[in-house]
Structures are given as structure tokens and as C-alpha cells.
Amino acid sequence: MEPSAHKSGAELHLYHGATSVCSAKVRLGLAELGLGWTGQILDLGAGEQNAQWYVRLNPKGVVPTLLDGDLVVADSSVILEHLAEKLPDSTFVPKDTGLRVRSRMWLADCIDIHAAINTLTYSTAKRRQILASKSPEEIEAALAGMTHPANAAKRRDILANGMESVHVMAAFFALRLMFDRMQADLETSRWLAGDSFSIADAAIVAYVDRLDRLGLGGLWNGRTPKVGDWLDAARARKSYGAAIEAFAGPCEADREKSLRDDNWAMVSQKWTAYLGGA
Ligand SMILES: N[C@@H](CCC(=O)N[C@@H](CS)C(=O)NCC(=O)O)C(=O)O
């Protein structure tokens with residue numbers, strides 16, 4: 001699909017994926033800040049993010065990309081910071097120096113957190129879907145079409161090895177740090193960086209939401225319970241409906257209980273063993 005018409009000027013135009021966590025993160029920021037935007041959804045399963053016209057905007061071939069007039073902004077955390085600058089008086093970026101540093105550390109951690117969410121999504125639900133619906137030749141063609149060689153190598157390894165992939169332990173490491181830090185932050189404040197919902201929460205909601213949709217809530221239930229309370233509170237906000245629910249679609253396979261249970265069966269033993277040795 002070619003780029004949607006985008007008038008050069010002040011409007012915000014987002015290239016995004018319907019269920020892509022990084023895209024949901026930006027939509028959440030837009031909703032929280034009350035900013036108007038237009039957008040075009042790319043079909044990631046069909047590889048639209050690798051089309052030449054898009055790679056000219058985003059050379060890694062990933063979503064999201066924001067156009068702000070003629071300015072091209074890539075990477076969901078950078079986009080969130082760019083959006084926040086439009087409303088400097090809002091509480092979206094904490095005024096307190098310590099809390100602002102805390103929120104920036106959450107944004108920096110998004111690189112590792114996104115890699116971990118991607119690993120668990122593909123080693124459980126997506127792998128099952130892809131192996132059941134595509135021939136080896138189709139899978140090979142899709143991998144060959146990926147723009148970023150490291151992403152393609154990781155995808156290939158996960159499709160071959162599932163939960164035995166080397167990427168799974170790296171994901172567990174990142175997730176353990178994330179949940180422990182969330183628990184610690186939420187013991188001192190209502191939200192991740194203070195008592196107002198901030199850029200830190202907007203950055204993390206879609207990642208934890210994805211794990212829960214996969215049926216992996218056991219990663220935090222019991223051990224870091226404040227994560228679940230925080231997710232419930234984030235889901236009660238209007239922004240969640242606008243940014244995530246509205247794009248999830250009624251048939252999202254990950255929501256079927258039996259598939260969610262299968263996912264948790266794949267992950268739980270390894271997670272418990274990992275925590276025992278960590
Ligand atoms: N650090 C980037 C990561 C972007 C990224 O990897 N996006 C995923 C979707 S969440 C993507 O476009 N994947 C393309 C693919 O799987 O081919 C960001 O936060 O924007």
C-alpha cells in the first residue's frame with residue numbers, strides 16, 4: 001500500500017500497526033495529551049513496513065513513524081518525548097527532577113523491554129500461528145523480506161527453537177528487572193513516576209497489556225502484585241480504550257482462553273526455574 005495522503009503542515013500523521021505494542025504506546029500518548037492526529041495502519045503480517053516508500057521514512061522497517069509537518073520522528077519513545085514537548089505545562093512529564101529522571105529511565109529501558117515482549121510474543125502465540133498457517137517457503141520469503149538483519153536473525157531463531165531460543169533468557173532478565181522496578185516505584189507512588197499518570201506509564205502500558213493478553217499474567221501475579229493493580233488502573237483510563245481496545249479487533253487470537261493457557265504452560269516452568277537461579 002502506498003503512503004496515505006499527508007498534507008505538509010502542522011498536522012500529526014502516524015504510520016502504525018493495529019496491534020503493534022510500540023504503536024499503541026504512541027497512540028496512548030496522543031490520547032493522554034489530547035492531540036489530534038491522522039494515521040495509516042500498515043499490515044505488518046503482509047510486510048508493508050518493508051515497502052520502499054516506508055523504508056525511506058524509517059530505514060529499519062519498523063513502526064511507528066510520526067510525521068509532524070515535514071519532520072520525521074522514529075522510535076516510539078522519541079515520539080512520546082516529542083509529543084510531550086507540545087504541552088510543556090502538562091503533568092505528562094514530571095516537574096520534579098527525581099521523578100523526571102525516573103521517567104527517562106523507563107523510556108531508556110523500553111529498548112530491552114520491547115525486545116523481551118517481542119521474544120515472548122513470537123516464541124508462544126505468533127510462532128504457533130505462523131507454523132500452522134504458512135509453508136516453510138512462505139516463512140523463508142517473509143524472513144528474507146525483513147529490512148533489519150538482526151530482527152530477521154532473531155525471528156528465524158525463535159521460529160526454529162521456540163522457548164528454547166537463546167533470546168528467551170535475555171527476555172526473562174529484562175522482564176524480571178522491569179517487574180521489580182515497577183513494584184518498587186509503585187510502592188512509593190500511585191503511578192510509575194509520581195502520583196499523576198505520566199510519560200513513563202504511557203511508555204509501559206502496551207507492553208504489560210500484551211503479556212496479559214498472551215495469558216502471561218502469572219509473570220507478576222504473586223511476586224510483584226502491584227503490576228496487576230497498575231494495569232487495571234491504566235485500563236480504566238479513556239486513553240486505553242482509544243489507543244488499544246479500539247485497535248485490538250474482536251477476534252484477537254491471543255485472547256482465546258485455551259491459547260492463553262497454552263502460552264502460560266510454555267512459559268511458566270522456565271520462568272520459575274529462571275527465578276530460582278536468578
Ligand atoms: N525501538 C522501536 C522498535 C520498533 C519495532 O520493532 N516495531 C515493531 C512492532 S512493535 C515492528 O515494526 N516490527 C516489524 C516486523 O516485525 O517486521 C520503537 O520503539 O519504535
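Quick notes on this one:
- Antiparallel %, DSSP beta bridges [both residues in the range 12-84], to 5: 65 percent
- Secondary structure note: in the chain, about 70% of the DSSP beta bridges are antiparallel.
- On a per residue basis, the chain carries 46 Å² of accessible surface, using protein heavy atoms and a 1.4 Å probe.
- Percent carbon-and-sulfur accessible area, the chain, ignoring ligands, DNA and RNA, probe 1.4 Å: 55 percent
- Cα gyration tensor category, rounded, prolate or oblate, for the range 12-84 with a/c compared to 1.5: prolate
- Each Lys and Arg Cβ is given +1 and each Asp and Glu Cβ -1; about its Cα centre, the chain then shows a dipole of about 380 debye.
- Cα pair distances of the range 43-182 binned at 10 Å [whole percent]: 10, 32, 32, 20, 6, 0
- Judged by the ratio a/c of the largest to the smallest principal axis of the C-alpha gyration tensor, the chain counts as oblate, that ratio being 1.5 or greater while a/b is no larger than b/c.
- Most to least packed among 198-207, 153-162 [average Cβ atoms within 10 Å]: 198-207, 153-162
- Value at 222 nm in deg cm²/dmol, rounded to 500, when DSSP H runs of n ≥ 4 in the chain each add -39,500 (n - 2.57): -17500 deg cm²/dmol
The values are calculated or read from the model by the stated rules, or taken from the named source; none is laboratory data. Since the model is a prediction, treat every value here as computed from it, not as a measurement. Note: ideal-geometry Cβ built from the backbone for every residue, glycine included; neighbour counts use all protein chains shown. Just so you know, the surface numbers come from the protein's heavy atoms only, side chains and all, with ligands and any DNA or RNA stripped out. Shrake-Rupley method; radii C 1.70, N 1.55, O 1.52, S 1.80 Å.
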